[in-house]
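See below for the structure under consideration.
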Amino acid sequence: MTGNSLTMLAVGDLILEEPHGDYFLNLVAPILKSGDIVIGQGEVVFTSRGVKMFVEIVNSPGCPPSNMGTLAHSGFNVITLAGNHVWDLGTPGIEDTLAGLRNYGIATVGAGMNIDEARKPAIIERKETRIGFLNYNCVGLMGSWATQTKPGSTYVRIITAYEMNIPNPGATPDVYTFAEPRSLKAMISDIQKLRPLCDILVVALHKGILGSYKLAMYDQQVSYAAIDAGADLILGHHAHMLKGIELYKGKVIFHGLGRFVPAIAPVTEEERKSQQSLFAVSLSGHSDQRNSTTGVARLAGDTQRDPASKWNIIAKCMIDRGKISRVSYLPCLINEQRQPEVLKNDERGRQLFDFMDMITGDAGLDTRYEWDGDEVMIHTDETAG
């Protein structure tokens, strides 16, 4: 299984809850359509007939089914669906989303009408090169998971443990997160089964601390396990803001691509205050939060007030002769019209570059970034320069 050069592009959360979704993607569609393979995370299901299941703190009203056509027309050919909102509108939401995307020729992975269907990989062949995809949800409530008799997403269950600071009562406890062994083993088994069937194997993980650039313990544990099992690339999303990029055994881990399309209907002032309180709690206890124009967002859901939450990236991989030969990212921001647009190597682009450099170092990662035209190359200390 060998082939010619290919370009693979990947973005984070796609939220197209408003009509006329083409408006939100028209600035980036030309770039996306230049890719041979384009992947996005379907954060919210597409349906007009779902019933709210109330398994999440914030339930999505669903996206208009017509916006699935927007994804196809904008160049997407793979949509990952394992996420904490996949069950927001019950069986109709999953059923309509799977059928609709496939009708547009878009491959889906990570969700199904039962757990066996949800665990099935997607395999795309381009120019004699086969790229395989798997997708797992690590966040949210168990109600969104698929079972043998219930639709939902495939998952890796994450366990959280808190250790109290006994000498200092009332202090913030230490938090430890790790994957439950049986669900992690199931993911590893899926990867090992897919490995002989493709040249490139991509695992997308819906993971990470919401509204924070910090990495949880399990972020690396699950990503490393996927690579050890045979994955060539890890794509992370869910936190609605960027996280650092890591190299492990020569493979790239995008811990958080950021929210790509935030086309959520405007919230009321009461809802905004509630969200602000929620994210303030999630970011509390970190003494190194920064407040500059390239600093960390205080409120991940408000792109107009918080600089970090308006930034995202397009992961770009060049594939040559069945192997990933080059990895970079395209810096992007969500503009005031709530549209993602690609930045250049200018003042705005360099602000995002500086932010990525800062959060990568703060996460203890040794990855280095270097401009190559208007793209940012990803290096380790050994390969930089």
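Every number here is computed from the coordinates shown, using simple stated rules; none is lab data. The shown structure was predicted, so the numbers you read here are calculated from the model rather than taken from an experiment. Cβ atoms come from the backbone with ideal geometry, glycine included; neighbour counts cover every protein chain shown.
Of note:
- Difference of contour (0.36 nm per residue) and Cα-Cα distance, Tyr23 to Gln192: 56.8 nm
- Asp116/His379 FRET efficiency (R0 45 Å; Cβ-Cβ; nearest 0.05): 0.65
- Beta bridges per DSSP with both ends in segment 79-205, % antiparallel, nearest 5: 55 percent
- Length gained on full extension, Glu180 to Lys127, computed as 0.36 nm times the residue gap minus the Cα-Cα distance: 15.2 nm.
- In plain terms, the residue of Val175, Val156 with the fewest other Cβ atoms within 10 Å comes first and the most crowded comes last, giving Val175, Val156.
- Separation in nanometres of the label points that stand 7 Å from Cα toward Cβ, at Asn59 and Lys323: 5.1 nm
- Each Lys or Arg adds one and each Asp or Glu subtracts one; over the other residues with Cβ under 9 Å from the Cβ of Pro151, this totals -1.
- Cross-linked pairs Lys214/Lys251; Lys33/Lys310; Lys207/Lys316; Lys52/Lys310; Lys249/Lys323; Lys193/Lys214: Cα-Cα separations exceed 26 Å for Lys52/Lys310; Lys193/Lys214.
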